[in-house]
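What follows draws every value from the coordinates through simple rules; no lab data is involved. As the structure is a prediction and not an experimental result, all values here were calculated from the model. Cβ coordinates were reconstructed from backbone atoms using ideal geometry, including for glycine residues, and neighbour counts include every protein chain displayed.
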Amino acid sequence: MKEHGKVVLITGASSGIGAATARRLAADGHRVFLGARRTERLEELCAEIGKGGGTAAFGRLDVTSAADMETFVQAARTAFGQVDVVVNNAGVMPLSPLEALKVDEWDRMIDVNVRGVLHGIAAALPVMRGQGGGHFITLASIGAYEVSPTAAVYCATKFAVRAISEGLRQESTGDIRVSVVSPGVTESELADSITDPVAREAMVHYRSVALPASAIADAIAFAVAQPPEVDVNEIVVRPARTR
Ligand code: NDP
């Protein structure tokens, strides 16, 4: 294992892709600082990584709060001295047809998937600028490229974070790298929040072809591993099997 790799902050690290990414990046020798609301899971994951010889710490984080995100980034800085990479991974996906009018669920997707990413940028960008550079990696989705029934609002949030990431890239003077990683269906807890019966039923099929979360962690690790002059902007990873 390499020592003293990058300092990587991962939001939504208590399950799925975030947890797999924490394991993978820690195994690659990076120091990971993990955030989510379920801190008992983060504590267990940090202990597991520590036992394996990696370096991990955590902080409670609700990405919908700009103040929480600020505290999280500063805590990572205090723990590890710098902030090299922020993986904006936290997300929710309570799918439903628009006519079901689940306005609270629409709001939650916008708050977590869009505002959460903006809060990550707001908290970490000044830190990265101050230290001479950094790297944002944001989890979008294949739903950032095309819309499907029951996924209008979810896709809108993922189109939005692709747009925000592209804007950030264009405004960078070479010091800030920006990557968008867009998974197809992947094993995780993401679909557990679906309350609409039709959307929930549709996920049963998709889950049968799901990729392991480690496949997405591998893509993130590839972007992290590039030298400073290389900015991997977009990675789309789909299951090879469609049925
Ligand atoms: P999971 O549901 O397994 O993980 C989501 C993570 O987000 C959890 O750790 C959860 O932690 C965290 N989270 C949710 N709300 C908040 C919040 N308010 N503040 C902080 N953390 C929060 O799903 P995935 O691993 O699949 O999702 C990771 C990302 O990948 C998401 O952005 C998702 O949209 C994207 N994605 C996933 C796909 C898939 O098929 N799995 C496909 C395409 C994209 P906690 O509840 O403890 O706070």
So what are the ³J(HN,Hα) numbers for the range 69-76, from phi and the Karplus equation (6.51, -1.76, 1.60; θ = phi - 60°), rounded to whole Hz, Gly and Pro as x? 5, 4, 4, 4, 5, 5, 5, 5
Starting at the first residue of the range 97-104, write each ³J(HN,Hα) from the Karplus equation 6.51 cos²θ - 1.76 cosθ + 1.60 with θ = phi - 60°, in whole Hz, x for Gly and Pro. x, 4, 5, 6, 6, 7, 4, 4
Specify the residue with the greatest mean-square fluctuation among VAL112, VAL180, VAL147, computed from a Gaussian network of the chain linking alpha-carbon atoms under 10 Å apart. VAL147
Using only helices, what value at 222 nm comes out for the chain when you add -39,500 (n - 2.57) per DSSP H run of length 4 or more and divide by the total residues, to the nearest 500 deg cm²/dmol? -14000 deg cm²/dmol
Quick query: amide H of SER179 versus all other amide H atoms, modeled in the peptide plane; which residues come in under 5 Å with a sequence gap of 5 or more or a different chain? PHE136, ILE137, THR138
Starting from the Cα gyration tensor of the range 97-243, take the square roots of the eigenvalues, sort them a ≥ b ≥ c, and report rounded, prolate or oblate (rounded when a/c is under 1.5, otherwise prolate if a/b is larger than b/c, else oblate). oblate
From the Cα gyration tensor of the range 41-168, with a ≥ b ≥ c the square roots of its eigenvalues, which class applies: rounded if a/c is under 1.5, or else prolate if a/b is larger than b/c, or else oblate? prolate
Whole-Hz couplings from phi, Karplus 6.51/-1.76/1.60, listed for the range 197-204; x for Gly and Pro: x, 5, 5, 5, 4, 4, 5, 4
Counting Lys and Arg as +1 and Asp and Glu as -1, each charge on the Cβ, what is the dipole of the range 86-188 about the Cα centre in debye, to the nearest 20? 300
What is the order of LEU101, LEU9, LEU211, fewest Cβ neighbours within 10 Å to most? LEU101, LEU211, LEU9
Under a point-charge model restricted to the Cβ atoms of Lys and Arg (+1) and Asp and Glu (-1), what is the dipole moment magnitude of the chain relative to its Cα centre, in debye to the nearest 20? 400
Considering the chain as a Gaussian network with a 10 Å cut-off on Cα pairs, which listed residue, ARG77, ARG23, ARG129, attains the greatest mean-square fluctuation? ARG129
Long-range amide H partners of THR55 with built H, under 5 Å: VAL32
Amide hydrogen neighbours beyond the local backbone of VAL237, cut-off 5 Å, H modeled: SER182, GLY184
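I need the peptides 55-63, 231-239 ranked by packing, meaning the mean over residues of other C-beta atoms within 10 angstrom, with the highest value on top.
Descending packing order for the listed peptides: 55-63, 231-239.
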Most mobile of PRO228, PRO197, PRO126 in a GNM of the chain (Cα contacts under 10 Å): PRO197
Angle between the chain longest axis and helix 152-171 axis [Cα atoms, degrees, rounded to 10]: 30
